[in-house]
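Visitor: Can you keep this structure in mind? I'll have questions shortly.
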Amino acid sequence: MALQKNIETQYGVTLSYWKVTRLNIEWHNKIAEVFLAGWPSQQVRDNGVEPLEYKSFVFRHDDWPFTFDGNNVSEAYERMKLPMQTHMGGGNMHEQNPFVGATDVI
């Protein structure tokens, strides 16, 4: 599974294929960090090219999507497509999460 969303890097390269590469969950405090890697396309990734960019997002209790009986990676992908509830600084919530409205790649 992965996410499809065109996001331009600071170098002007558009990446459209994003995959969760790491997920760290602190269950007691309901804090999780999701790491995504980006490629220009799924074909580029499938050809063994290293990711061109990494992004990480922290989920706190207001955004907590994880369950003990669920698939935490799938839950992270679903939550990444929604605005963040935890405000972490300037700008609106869509600016903080560029994956709002992304589509699934199976």
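We did not get these values from a lab; they are worked out from the coordinates using the rules stated. None of these values were measured; they are calculated from a predicted model. Virtual Cβ from ideal backbone geometry, glycine too; neighbours counted across all protein chains shown.
Visitor: What list do you get for Phe99, Phe35, Phe68 if you sort them by fewest beta carbons within 10 Å?
Guide: Phe68, Phe35, Phe99
Visitor: A follow-up question, please. For the chain, modelled as a Gaussian network with Cα springs under 10 Å, which listed residue fluctuates most, Val34, Val13, Val73?
Guide: Val13
Visitor: Can you pull the one-decimal nm distance between simple spin-label points at Thr21 and Lys81, each 7 Å off the Cα toward Cβ?
Guide: 2.3
Visitor: Still on this structure: With θ set to phi - 60°, apply the Karplus curve 6.51 cos²θ - 1.76 cosθ + 1.60 along the stretch 34-47 and write out the HN-Hα couplings as whole Hz, x wherever there is a Gly or Pro.
Guide: Per residue, the Karplus-derived 3J(HN,Hα) values read 10, 10, 10, 10, x, 10, x, 7, 5, 4, 4, 4, 4, 7 Hz.
Visitor: In deg cm²/dmol and to the nearest 500, what is the mean residue ellipticity at 222 nm of the chain if only DSSP H runs of at least 4 residues count, each as -39500 (n - 2.57), divided by the residue total?
Guide: Per the formula, -4000 deg cm²/dmol.
Visitor: Given contacts defined as C-alpha pairs under 8 Å and at least six residues apart, what's the relative contact order of the stretch 1-83, whole-number percent?
Guide: This gives 24 percent for the stretch 1-83.
Visitor: Once amide H atoms are built 1.01 Å from N in the peptide plane, which residues 5 or more positions from Ile31, or in another chain, come under 5 Å H to H?
Guide: Close amide H contacts, sequence-distant or interchain: Glu26.
Visitor: Follow-up. Which percent of Cα-Cα pairs in the stretch 2-95 sits in each 5 Å bin, short to long?
Guide: 3, 13, 22, 22, 19, 12, 7, 2, 0
Visitor: If each residue of separation counts as 0.36 nm, what is the full-extension length gain between Gln43 and Asn29 once their alpha-carbon separation is subtracted?
Guide: Extra length available between Gln43 and Asn29 comes to 1.2 nm.
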